[in-house]
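Derivation of every value follows stated rules applied to the coordinates shown; laboratory data play no part. Given the structure is predicted, the values throughout are model-derived calculations rather than measurements. When we count neighbours, we look across all protein chains shown, and the Cβ atoms used for this are built from the backbone with ideal geometry, even at glycine.
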Amino acid sequence: MDVTVKYFAYYRERVGKDSEKIQLDQGKRISDLIDMLMARYPGIFNEKNLFVARNYRYADRGEALSDGDVVAIMPHVSGG
């Protein structure tokens, strides 16, 4: 299955692209995708400091992915 990953803010700058298509096996979950991204881009992603949205809604890392999903990877926002 194909999933589009969109990167925002710090992650977009560090990865060097706005988005990319990633091919995954059926049955993979958001946590599997995050693990794959952490291996592909070492030192960039910190699992505790990122938000994930699936198809434009905040998502739990245990959610199963489907072909054509759009997954957004965003850092936590801080400040006041």
| query | How many nm separate the modelled label positions at residue 32 and residue 12, each set 7 Å beyond the Cα in the direction of the Cβ? | reply | 2.9 nm
| query | Please state the relative contact order of the chain as a whole percent: Cα pairs under 8 Å, 6+ residues apart? | reply | 43 percent
| query | In straight Cα distance, which aspartates and glutamates are under 16 Å from residue 48, not counting same-chain residues fewer than 8 positions off? | reply | 32, 35, 60
| Set of aspartates and glutamates near residue 6 by C-alpha distance (under 12 Å), chain-local residues within fewer than 8 positions excluded | 18, 20, 69
| remark: Highest mean packing first, using Cβ neighbours within 10 angstrom, the peptides 35-41, 54-60, 1-7 sort as 1-7, 35-41, 54-60
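So for the chain, Kirkwood radius off the Cα pairs, Stokes-Einstein at 10 °C and 1.306 mPa s: how many µm² s⁻¹?
This corresponds to a translational diffusion coefficient of 125 µm²/s.
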| field | Computed magnitude of the charge dipole of the chain (debye, nearest 20; Cβ of K, R +1, Cβ of D, E -1) | value | 240 debye
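Tally the DSSP beta bridges in the chain and give the antiparallel ones as a percent, rounded to 5.
75 percent
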